[in-house]
Structure formats: structure tokens, C-alpha cells
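Bear in mind that the values in this text are calculations on the coordinates, not laboratory data. Values in this document were obtained by computation on a predicted structure and should not be read as measured data. Cβ: placed from backbone, ideal geometry, glycine included. Neighbour counts: every protein chain shown.
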Amino acid sequence: MTKGTDMSLYTAIATAAGRDGRAVTSDGKLDVALALPKELGGDGGGTNPEQLFAAGYAACFASALQLVAGKKKIDASDASVTAEVGLNPDGAGGFRLDVTLRVELPDALSPEVGRELVETAHRVCPYSNATRGNIPVNLVVE
């Protein structure tokens with residue numbers, strides 16, 4: 001098993017056996033119960049991959065937004081990102097994801113500047129780069 005390329009700045013490692021059970025990182029810092037959500041026929045007694053993906057994408061995108069704003073000397077420290085990850089049938093027996101990123105920006109930013117920051121962050125964010133062309137990602141500036 002490889003731990004990433006020689007060029008990786010960091011490699012996260014996690015193990016899970018399915019949607020019911022546990023997901024655990026190699027360092028033990030994340031150890032969560034997994035369960036099907038009630039909407040999919042489960043008991044909802046744990047988190048699920050879509051929630052984990054939403055949390056990771058929101059955190060990553062918020063960091064990318066801070067990086068972009070900082071380089072432009074713009075204070076966006078009050079910004080927040082909410083990721084909505086939808087699980088949908090793909091019509092061929094499988095499933096696909098879609099994402100809406102709701103970015104709440106400080107009121108002091110003009111809509112034009114805010115939109116530019118969000119679009120630039122979307123080009124910088126590793127999650128955005130991984131999903132681009134694979135799943136729909138809708139950017140909503142609030």
C-alpha cells in the first residue's frame with residue numbers, strides 16, 4: 001500500500017468496511033460510527049460518507065477562501081462555508097453526488113469582490129479540483 005506520492009505535502013489514511021460500522025484514521029484522531037441515514041432505510045445512528053464529505057469540503061473550501069482573501073489583502077475572517085452533498089441515483093443502477101457550497105461572506109465585501117473570491121477559491125481548493133468535471137458543484141454566495 002502506498003502512502004501517496006513523493007510530492008504529497010500530507011497524506012490522510014482512513015479505513016472503513018462500509019456504511020454500517022466505523023471509520024477510523026490511522027492516527028486515531030477520527031473514529032466515528034457509520035450508519036445509513038433514515039432517508040435510506042437506516043436507523044440514522046451514526047454519521048455517513050456524505051456528511052463526512054460535506055464537512056471536509058466545507059472546511060477545505062473555507063481554508064482556500066481565507067488563502068485567496070489573504071493574498072488579496074481582504075479580510076474575510078468572518079466568512080463561513082456550508083456544503084450540501086446530495087446522493088442521487090444515476091439512472092444506471094449506481095449513484096452520483098452533487099454539491100452546493102453556500103458561502104456566507106462579510107457584509108463589508110461588495111457582491112463583485114465576494115463572487116471573485118469564491119470563484120478563485122473554487123480554482124484553488126483541492127476538493128473542488130478533485131470534483132471538477134465529475135460532479136456538479138453549485139456555488140452560492142450569500
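From the alpha carbon centroid of the range 1-57 to that of the range 63-119 is 22 Å. Rg and Dmax, both from the Cα atoms of the chain and both in Å, are 17.1, 49. Each residue of the range 88-96 was assigned a 3J(HN,Hα) from its phi angle through the Karplus curve 6.51 cos²θ - 1.76 cosθ + 1.60 (θ = phi - 60°); the sequence is 10, x, 9, x, 10, x, x, 9, 9 Hz, with glycine and proline shown as x. Sorted on the mean count of surrounding Cβ atoms within 10 Å across their residues, most packed first, peptides 111-120, 71-80, 57-66 read 57-66, 111-120, 71-80. Given the options Val140, Gly28, Phe53, identify the residue whose Cα lies farthest towards the positive end of the charge dipole of the chain (+1 on Cβ of Lys, Arg; -1 on Cβ of Asp, Glu). So the residue we want is Gly28.
For a bin width of 5 Å, list the pair-distance distribution of the range 87-134 built from all Cα-Cα distances, rounded to whole %. In whole percents, the pair-distance histogram is 5, 16, 21, 18, 14, 11, 8, 4, 2, 0.
Of all the options Glu39, Glu104, Glu50, the one that moves most in a Gaussian network model of the chain with Cα springs shorter than 10 angstrom is Glu39. Stokes-Einstein at 20 °C, 1.002 mPa s, Kirkwood radius from Cα pairs: D for the range 1-47 in µm² s⁻¹? Translational D for this selection: 175 µm²/s. The calculated FRET efficiency for Glu142 paired with Lys73, based on their beta-carbon distance and R0 = 22 Å, is about 0.45. Looking at the calculated P(r) for the range 57-112, what percent of the C-alpha pair distances fall above 12 Å? Roughly 70 percent, once rounded to a whole number.
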